[in-house]
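Trainee: Pasting in a structure now, in structure tokens, and then I'll have a few things to ask.
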Amino acid sequence: MPRGKQVPKREILADPKYHSLLLAKFINYLMLDGKKTIAQQIVYGALDVMHEKTKEEQLPLFEKVIEAIKPQVEVRSRRVGGANYQVPMPVMGSRAETLAFRWIIAAARSKKGKGMQEKLASEMLDILEGVGAAVKKRDDTHRMAEANKAFAHFARRG
């Protein structure tokens, strides 16, 4: 049972170059210390690098990457009669996006060597090929949910 009032979702402005809300959210996730201009340069640069390599339009390519990495199910801890169970639950839309952003950025940051622009571009290209750290993270999440299917009946016991 949530306590208090639900905090209203903040409206964010679409990004200036492609006018996409999804891309604006991703830029905000990447941003460190409020340096949005730098985050925009990194993301736009990464999209340009991907465009060079695939010859596809930047925005549809980015949307394809996000769609490919979004998780369908995740496990959540649920306490039932003194024991904690990992209960598989479907992931709601905005949370799926958030997890996808988080995994892509974490995977890109963990790569060694090149600048963030190249690391981000290479991680996104890896996702399109079905390899890479973010894909592994999504697959692990799905595998955990599959392994704990037996506890799915705890999902909606209110």
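Every number in this text was worked out from the coordinates using simple rules, so none of it is lab data. Remember, it's a predicted structure, so these values are computed and weren't measured experimentally. When we count neighbours, we look across all protein chains shown, and the Cβ atoms used for this are built from the backbone with ideal geometry, even at glycine.
Trainee: What angle do you read, to the nearest 10 degrees and between 0 and 90, between the alpha-carbon axis of helix 21-30 and the longest principal axis of the chain?
Mentor: Helix 21-30 sits roughly 90 degrees off the main axis of the chain.
Trainee: Follow-up question, since we're still on this one. I'd like the orientation of helix 116-129 relative to the chain: the angle between its Cα long axis and the longest Cα principal axis, in ° from 0 to 90, rounded to 10.
Mentor: 60
Trainee: What list of ³J(HN,Hα) values in whole Hz, one per residue of the stretch 136-148 in order, does the Karplus curve 6.51 cos²θ - 1.76 cosθ + 1.60 (θ = phi - 60°) give from phi, with Gly and Pro shown as x?
Mentor: Ordered by residue, 3J(HN,Hα) equals 4, 4, 4, 5, 4, 4, 5, 4, 4, 5, 5, 5, 9 Hz.
Trainee: Separation of the stretch 108-158 and the stretch 49-94 by C-alpha centroid, Å?
Mentor: 7
Trainee: Give the residue from L125, A106, N148 lying farthest towards the positive end of the charge dipole for the stretch 78-158; charges sit on Cβ (+1 for Lys and Arg, -1 for Asp and Glu) and the dipole is referred to the Cα centre.
Mentor: Checking the options against the dipole of the stretch 78-158, the answer is N148.
Trainee: Here's a follow-up. If you place +1 on the Cβ of every Lys and Arg, -1 on the Cβ of every Asp and Glu, and leave all else neutral, what size is the dipole of the stretch 17-129 about its Cα centre, to the nearest 20 Debye?
Mentor: I would put it at about 540 debye.
Trainee: When only DSSP loop residues count, what GluC sites (Glu not before Pro) in the stretch 20-97 have their Cβ near at most 15 other Cβ atoms within 10 Å?
Mentor: E56, E57
Trainee: As I understand it, the dipole of the chain uses +1 on the Cβ of Lys and Arg and -1 on the Cβ of Asp and Glu, about the Cα centre. Which of V65, Y85, A24 lies farthest toward its positive end?
Mentor: With unit charges placed on the Cβ atoms, the residue in question is Y85.
Trainee: Based on the Cβ-Cβ distance from A14 to A155, what FRET efficiency comes out when R0 is 41 Å, to the nearest 0.05?
Mentor: Calculated transfer efficiency: 0.70.
Trainee: Here's another thing I want to ask about it. Once you order the gyration tensor axes a ≥ b ≥ c over the Cα atoms, which shape class does the chain get: rounded for a/c under 1.5, otherwise prolate or oblate by comparing a/b with b/c? Don't skip to the answer; put the middle values down first.
Mentor: On the way: a/c = 2.43, a/b = 1.64, b/c = 1.48.
In terms of gyration-tensor shape, prolate.
Trainee: Under 17 Å from a point placed 7 Å out from the Cα of V80 along the Cα-to-Cβ direction: which residues of the stretch 122-148 have their backbone N that close?
Mentor: 145-148
Trainee: Also, quick follow-up: Any idea what the dipole of the stretch 1-48 comes to, in debye rounded to 20, about its Cα centre with Lys/Arg Cβ at +1 and Asp/Glu Cβ at -1?
Mentor: Values: 8 positive and 4 negative charges, 72 e Å.
Dipole magnitude for the stretch 1-48 comes out near 340 debye.
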